[in-house]
Amino acid sequence: MKVLSFGSLNYDHVYEVEHFTEPKETQSSLGYLRNFGGKGLNQSIALAKAGLDVYHAGRVGSDGQDFIDYLNKYGVKTDYLLKDDSMATGHAIIEICNGQNRILLHGGANQSIDEAQIDDVLEHFEEGDVLLIQNEISNLSYLIESAHEKGMMIIFNTAPMNDKVFTYPLNLIDIFVVNEIEAAGLAEIDSKDEKEVIPVLSKKYPDKAIVLTAGERGSYYIKGDDVIHQDAYMVEAVDTTAAGDTFTGFFLASYLKYQDVKKALDLASRASSIAVTRRGAAQSIPSIEELA
């Protein structure tokens, strides 16, 4: 079994602020960092740090060589990461305030994934291999359909959640990974209370597995009428930027290795609880040795 993370890579421009900037307001930041980010990159590194062999596919611009080096540093294979000198790498503007974040995203090279690149990458994968995707790259419908034709298991983290999600062939997804906001969007209801959302998701996607994270209220694995809950590990958060990506990577790494949902939920919860105590995105993700 080979694992392919086909997803975004962004430079994260992170500003620590006293409060989230209001319309028409200008405020000075308390600090600034430029980090490696993008949900695709974060999840690839989380998978690798959790002990799984993973290939990352995607696209960076002329300024993106550092991403290739960074992924290689953590053992992520970059054979299928394309460097396109005709454009710029994606980036995000992130405000951090009291451990919470507000993010403005520019897709850049992430929005230039075309069918030819997808075909070239998937030539190297086969039935039984795993594809992990997020909603931050272009041509997702074609990627989902092509991977399904090959018989790959498809895991979809529906972030950021928007109307485009419902244009994709969701019937071909095997596992959805969502937070409480994305879960409400996927269920198409206003409530973010998981007690109201879970029954709707179970009815709407009865044959799909759904992994739902709900912050301090813990996490859930839902498959039809079966619901497994995992308590959160309570810590003092300083930056939640890559918490969900950390959870996704560690859950999948454990689940794919051991097929034990409870064990995977617990491992992912412990990993994300460490990540939120550190600043930054990819660099906040712990190693599997730290969880031991």
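Any residue in region 247-270 that's within 16 Å of Val227 (Cβ to Cβ) and touching a residue at least 60 places away in the same chain (Cβ under 8 Å): show its pairings with residues that are open to solvent by less than 10 Å² (accessible area, probe 1.4 Å) and part of a helix (DSSP H, G or I) at Cβ separation under 8 Å, as long as the two are six or more apart or on different chains.
Partner pairs satisfying both residue conditions: Phe251/Ala264; Phe251/Leu265; Phe251/Ala268.
Could you list all residues from region 159-179 that are within 20 Å of Asp114 (Cα to Cα), of a type in the set (Val, Ile, Thr) and under 18 Å from the mean Cα position of the chain (by Cα)?
Val165
Mind listing whichever residues of region 8-23 are under 16 Å from Cys97 (Cβ atoms) and either hydrophobic (A, V, I, L, M, F, W, C) or touching a residue at least 60 places away in the same chain (Cβ under 8 Å) (or both)?
Answer for region 8-23, where residues must be under 16 Å from Cys97 (Cβ atoms) and either hydrophobic (A, V, I, L, M, F, W, C) or touching a residue at least 60 places away in the same chain (Cβ under 8 Å) (or both): Asp12, His13, Val14, Tyr15, Glu16, Val17, Glu18, His19, Phe20, Thr21.
Check whether at least one residue in region 251-270 is open to solvent by 10 Å² or more (accessible area, probe 1.4 Å), closer than 27 Å to Ile96 by Cα and basic (Lys, Arg), and report yes or no.
Checked against the condition, which is being open to solvent by 10 Å² or more (accessible area, probe 1.4 Å), closer than 27 Å to Ile96 by Cα and basic (Lys, Arg), region 251-270 yields at least one hit.
From the list Ser5, Ser44, which residue is touching a residue at least 24 places away in the same chain (Cβ under 8 Å) and assigned to a strand (DSSP E or B)?
Working: Ser44 fails: assigned to a strand (DSSP E or B).
Result of the check over Ser5, Ser44: Ser5.
On the given criteria, is Ala159 open to solvent by less than 20 Å² (accessible area, probe 1.4 Å), in a loop (DSSP other than H, G, I, E, B) and in contact (Cβ under 8 Å) with a residue 40 or more places away in the chain? Explain how you work it out, then say what you get.
On the way: open to solvent by less than 20 Å² (accessible area, probe 1.4 Å): yes; in a loop (DSSP other than H, G, I, E, B): yes; in contact (Cβ under 8 Å) with a residue 40 or more places away in the chain: yes.
Yes.
If you take the residues of region 115-155 that are among the charged types (D, E, K, R) and either assigned to a helix (DSSP H, G or I) or in contact with a strand residue (DSSP E or B) (Cβ under 6 Å, 6 or more places away or on another chain) (or both), which of them is most open to solvent (accessible area, probe 1.4 Å)?
First, the residues of region 115-155 that are among the charged types (D, E, K, R): 115, 119-120, 123, 126-127, 129, 136, 145, 149-150.
In the following step, the residues that additionally are either assigned to a helix (DSSP H, G or I) or in contact with a strand residue (DSSP E or B) (Cβ under 6 Å, 6 or more places away or on another chain) (or both) were identified as 115, 119-120, 145, 149-150.
Values: Glu115: 89, Asp119: 65, Asp120: 91, Glu145: 81, Glu149: 155, Lys150: 73 Å².
The extreme case among them is Glu149.
Being within 20 Å of Thr241 (Cβ to Cβ) and touching an Asp or Glu at 6+ places or on another chain (Cβ under 9 Å) narrows it down to one residue among Glu136, Glu180, Glu216; which is it? Can you show your working first?
Values: Glu136 fails: touching an Asp or Glu at 6+ places or on another chain (Cβ under 9 Å); Glu216 fails: touching an Asp or Glu at 6+ places or on another chain (Cβ under 9 Å).
The unique qualifying residue is Glu180.
Does region 104-114 contain at least one residue that is under 17 Å from the mean Cα position of the chain (by Cα) and buried (at least 22 other Cβ atoms within 10 Å of the Cβ)? Even if it seems obvious, please write down each step before you answer.
So the first thing to find is which residues in region 104-114 are under 17 Å from the mean Cα position of the chain (by Cα), and the list is 104-107, 110-111.
This time we only want the ones that are buried (at least 22 other Cβ atoms within 10 Å of the Cβ), so: 110.
Within region 104-114, one or more residues are under 17 Å from the mean Cα position of the chain (by Cα) and buried (at least 22 other Cβ atoms within 10 Å of the Cβ).
Name, by its number, the condition in (1) under 29 Å from Val14 (Cβ atoms); (2) open to solvent by 10 Å² or more (accessible area, probe 1.4 Å); (3) at pLDDT below 95; (4) of a type in the set (A, V, I, L, M) that does not hold for Ala292.
The one condition Ala292 does not meet is (1).
Which of the residues that make up region 179-222 are buried (at least 16 other Cβ atoms within 10 Å of the Cβ), in a helix (DSSP H, G or I) and charged (D, E, K, R)?
Within region 179-222, Glu180, Glu182, Glu194 qualify.
Filter region 55-89 for residues that are part of a helix (DSSP H, G or I) and either open to solvent by 50 Å² or more (accessible area, probe 1.4 Å) or of a type in the set (Val, Ile, Thr) (or both) and give the result.
From region 55-89, those part of a helix (DSSP H, G or I) are 65-73; that's our starting set.
Residues satisfying the conditions are Gln65, Asp66, Ile68, Asp69, Asn72, Lys73.
Name the residue that is nearest to Gly128 (Cα to Cα), counting only residues in region 235-265 that are part of a helix (DSSP H, G or I) and among the polar types (S, T, N, Q).
First pass over region 235-265, keeping only residues part of a helix (DSSP H, G or I): 243-258, 261-265.
Next, from what is left, pick out any that are among the polar types (S, T, N, Q): 246, 248, 254.
On the way: Thr246: 24, Thr248: 20, Ser254: 17 Å.
Looking at residues that are part of a helix (DSSP H, G or I) and among the polar types (S, T, N, Q), I get Ser254.
So the check is Cβ under 8 Å with 6+ separation or different chains; which pairs have a first residue in region 193-213 that's within 20 Å of Leu252 (Cα to Cα) and a second one that's of a type in the set (S, T, N, Q) and outside any helix (DSSP H, G or I)?
Val211/Ser219; Leu212/Asn179; Leu212/Ser219; Thr213/Asn179; Thr213/Ser219
From Ser146, Ser191, grab the single residue that is in contact with a helix residue (DSSP H, G or I) (Cβ under 7 Å, 6 or more places away or on another chain), modelled with pLDDT of 95 or more and among the small types (Gly, Ala, Ser). Outline the logic, then answer.
Values: Ser191 fails: modelled with pLDDT of 95 or more.
Result: Ser146 is the single residue among Ser146, Ser191 that is in contact with a helix residue (DSSP H, G or I) (Cβ under 7 Å, 6 or more places away or on another chain), modelled with pLDDT of 95 or more and among the small types (Gly, Ala, Ser).
The values are calculated or read from the model by the stated rules, or taken from the named source; none is laboratory data. Treat the numbers as computed from the prediction; the structure is a model and nothing was measured. Heads up, the Cβs are rebuilt from the backbone with ideal geometry, glycines too, and the neighbour counts pull from every protein chain shown. Each accessible area value is taken on the protein alone, full model and side chains, heavy atoms only, with ligands, DNA and RNA left out. Shrake-Rupley method; radii C 1.70, N 1.55, O 1.52, S 1.80 Å.
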